[in-house]
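The values are calculated or read from the model by the stated rules, or taken from the named source; none is laboratory data. This is a predicted model, so every value here is computed, not measured. Note: ideal-geometry Cβ built from the backbone for every residue, glycine included; neighbour counts use all protein chains shown.
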């Protein structure tokens, strides 16, 4: 089983209306060595458009006026990097009222692995594409969350010694996020966010539809 990408999303209660140039400089100074790009977006542009983009060998960050998204290609430094971003958010007294954790994993197998989840009278043996998605609300810590599992038969290109190789298998996307309708009830702080992300990460390592042992048997 290979982790392809992990995403942490932090949603702000209100749009950040402070000096974004100053905030961007503080973020860039915190992560010296990372490639950064500050975009002077017009004030009336949609708030979800990233104003600051930061990238390194293991992560990418998009900072907009109403959310921050951090994408990790490896788990190296994920916890420390997230804590550093949370410390900056706290300094600006930005209220985080919704949290999301998304993880994509891939293992090599055939489409039969997903077909087996469909009742026999509905299976199409000649299927070339198959996507299955389920959302089951679940309490994570003290918070009700969307608990989503998407299973996609996909092809992944990997760079190997002889060059790029296409591999077929199942892409498992686990998306755990606090409910949007409860945002007004929540006001997350840095320590609280780190704890919840840890719980979401543990939940994302499990599966809903696909048997855990089957994925482990087919994975690396």
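Here are some notes:
- Test: residue 156 is modelled with pLDDT under 90, surrounded by 12 or more Cβ atoms within 10 Å (Cβ to Cβ) and out of contact with any helix residue (DSSP H, G or I) (no Cβ under 9 Å at 6 or more places or on another chain): yes
- Of all residues in the stretch 159-194, those that are over 19 Å from residue 135 (Cα atoms) and exposed (fewer than 14 other Cβ atoms within 10 Å of the Cβ) total 14.
- On inspection, residue 69 fails the criterion of being free of Cβ contacts under 8 Å to residues at least 24 places away in the same chain and under 17 Å from the mean Cα position of the chain (by Cα).
- Test result for residue 124, more than 18 Å from residue 1 (Cβ to Cβ), exposed (fewer than 15 other Cβ atoms within 10 Å of the Cβ) and touching a helix residue (DSSP H, G or I) at 6+ places or on another chain (Cβ under 9 Å): yes
- The stretch 165-193 residues that are within 14 Å of residue 107 (Cα to Cα), paired with ones that are surrounded by 13 or more Cβ atoms within 10 Å (Cβ to Cβ) and modelled with pLDDT under 90 (beta carbon under 6 Å, 6 or more apart): 167/156
- Selection of the stretch 68-99 for residues being on the phi > 0 side of the Ramachandran plot and surrounded by 13 or more Cβ atoms within 10 Å (Cβ to Cβ) yields only 77.
- Listed by position, the strands (runs of 3 or more DSSP E) enclosed by the stretch 88-177 that each have at least 2 residues that are touching a strand residue (DSSP E or B) at 6+ places or on another chain (Cβ under 7 Å) and within 25 Å of residue 78 (Cβ to Cβ) are 96-108, 138-140, 143-160.
- Of all the numbered requirements in (1) modelled with pLDDT of 85 or more; (2) under 20 Å from the mean Cα position of the chain (by Cα); (3) in a loop (DSSP other than H, G, I, E, B), residue 54 misses one, and that requirement is (3).
- In this structure, residue 58 does satisfy being surrounded by fewer than 17 Cβ atoms within 10 Å (Cβ to Cβ) and under 22 Å from residue 175 (Cβ atoms).
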